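Q: Below are the structure tokens for one structure; questions will follow.
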Amino acid sequence: MRVTKREHACMILGDEGQQLVIDPGNQTGPVSAPGLVAIVITHEHPDHWDAEHLTALRTAHPTVPIYGPAGVAAAAEGFDVIVVEPGERVTAGPFRLRFLGGQHAEIHRTIPIVDNLGVLVNERFYYPGDSYATPGVPVELLATPAGAPWLKIGDVIDFVLEVGPRATFAVHDGPLSEMGLGMAHARIEAAVAEGGGEHHPLAPGDSIEI
């Protein structure tokens, strides 16, 4: 399975000539995914989904399902989002998806907390969306949030230590300067190394095989 990082919080997973797109938001450039079998949107914030991206992907693949929590279905009205809940399992082509978590990390007590689902793919790759929900099983590759209004790097370190993946790469990094991203990479690298894992400082367009 090949995992390709795109800008900010978007990823494309490929296996057996088919592809899965996760969180194609408004901080991501045009998304093309030949062999697309599903789209996953972790939550309703616009940096994780974008009507223009969904329209383009649905135009190219009219029957492709879009999975997300109830908040995404309400926000993306007109796109026929299939609502999934924590613990639910879905199969799309070669991808076995399990949805976890349920809530976005708190930004501030005055800001409402929205639905958020992490997604575990083939029991090997995990992405928590905007949360620190853990998969509860060992994973080969963890997509680790690195920069956000709700994020403190100490919490990221604890998250990586708790999951204990074999490998990590940083996502949700659009708000970071070059210096800030370098600092985040260093902290994530140190955390995953404690369990014998490796951090991959992927840039948009870079891929990793698992």
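The values are calculated or read from the model by the stated rules, or taken from the named source; none is laboratory data. No experiment lies behind these values; they were computed from the predicted model shown. Cβ atoms come from the backbone with ideal geometry, glycine included; neighbour counts cover every protein chain shown. Areas reflect the complete protein model, heavy atoms only, side chains present, ligands, DNA and RNA absent. Shrake-Rupley method; radii C 1.70, N 1.55, O 1.52, S 1.80 Å.
Q: Any idea what log10 I(q)/I(0) is at q = 0.15, 0.18, 0.22 Å⁻¹ for the range 87-210, Debye with uniform C-alpha scatterers and no solvent?
A: Relative scattering, expressed as log10 I(q)/I(0), comes to -0.68, -0.97, -1.36.
Q: State the extension gain, in nm to one decimal, for the chain segment bounded by Ala203 and Asp158, taking 0.36 nm per residue of separation less the distance between their alpha-carbons. Could you put the intermediate results ahead of the total?
A: Numbers: separation 45, 0.36 × 45 = 16.20 nm, distance 2.35 nm.
That pair, Ala203 and Asp158, stretches by 13.9 nm at full extension.
Q: If you stretched the chain out fully between Met179 and Arg2, how much longer would it get, using 0.36 nm times the residue separation minus the C-alpha to C-alpha distance?
A: This chain segment gains 60.9 nm when fully extended.
Q: Quantify, in whole percent, the carbon and sulfur part of the accessible surface of the range 115-200 (1.4 Å probe; protein heavy atoms only).
A: Carbon and sulfur: 51 percent of the exposed surface of the range 115-200.
Q: In addition: What FRET efficiency comes out for the pair Val83/Ala186, r = Cβ-Cβ distance, R0 = 35 Å, nearest 0.05? Please report the intermediate quantities before stating the final value.
A: On the way: r = 39 Å, r/R0 = 1.11.
So, using R0 = 35 Å, E works out to roughly 0.35.
Q: Counting only C-alpha contacts under 8 Å and six or more residues apart, can you give the relative contact order of the range 111-210 as a whole percent?
A: Computed value for the range 111-210: 24 percent relative contact order.
Q: Using the heavy atoms of the protein chains and a 1.4 angstrom probe, tell me the accessible area per residue for the range 56-169 in square angstrom.
A: That works out to 44 Å² per residue.
Q: Rounded to whole Hz and in sequence order, give me ³J(HN,Hα) for the range 115-124 from the Karplus expression 6.51 cos²θ - 1.76 cosθ + 1.60, θ = phi - 60°, writing x for Gly and Pro.
A: Values per residue, Gly and Pro as x: 4, 8, 10, x, 10, 9, 10, 6, 6, 10 Hz.
Q: Below 8 Å, C-alpha to C-alpha, sequence gap of six or more: please give me the relative contact order for the chain in percent.
A: 18 percent
Q: For the chain, what does the helix formula give at 222 nm: sum of -39500 (n - 2.57) over DSSP H segments with n ≥ 4, over the residue count, nearest 500 deg cm²/dmol?
A: -6000 deg cm²/dmol, from helical runs alone.
Q: Quick one: angle between helix 51-60 and the longest Cα principal axis of the chain, in degrees between 0 and 90, rounded to 10, please.
A: Taking Cα atoms only, the helix is inclined about 60 degrees.
Q: Using the Karplus equation 6.51 cos²θ - 1.76 cosθ + 1.60 (θ = phi - 60°), what ³J(HN,Hα) coupling, rounded to whole Hz, does each residue of the range 97-109 give in order, writing x for Gly and Pro?
A: Ordered by residue, 3J(HN,Hα) equals 10, 10, 9, 9, x, x, 9, 5, 4, 5, 8, 7, 4 Hz.
Q: Between Leu57, His108, Met179, whose Cα lies farthest towards the positive end of the dipole of the range 52-210 when Lys and Arg beta carbons carry +1 and Asp and Glu beta carbons carry -1, centred on the Cα centre?
A: Toward the positive end, the furthest listed residue is Leu57.
Q: Related question: List the longest stretch of the chain that has no exposed loop site; here a site is one of the trypsin sites (Lys or Arg not before Pro) assigned by DSSP to anything other than H, G, I, E or B, with at most 15 other Cβ within 10 Å.
A: Looking at the chain, 1-108 is the longest stretch - no exposed trypsin sites (Lys or Arg not before Pro) with at most 15 other Cβ atoms within 10 Å.
Q: When the Karplus curve 6.51 cos²θ - 1.76 cosθ + 1.60 is applied with θ = phi - 60°, which whole-Hz ³J(HN,Hα) does each residue of the range 66-83 get, with x for Gly and Pro?
A: 10, 10, x, x, 4, x, 5, 4, 6, 6, 9, 4, x, 9, 6, 5, 7, 6
Q: Shifting gears a bit: Which angle from 0 to 90°, rounded to the nearest 10, does the C-alpha axis of helix 178-193 make with the longest principal axis of the chain?
A: Taking the Cα atoms of the chain, the angle to 178-193 is about 80 degrees.
Q: Please compute the modelled spin-label separation between Ser32 and Ile107, points set 7 Å along Cα→Cβ, answer in nm with one decimal.
A: So the two model labels end up 3.4 nm from each other.
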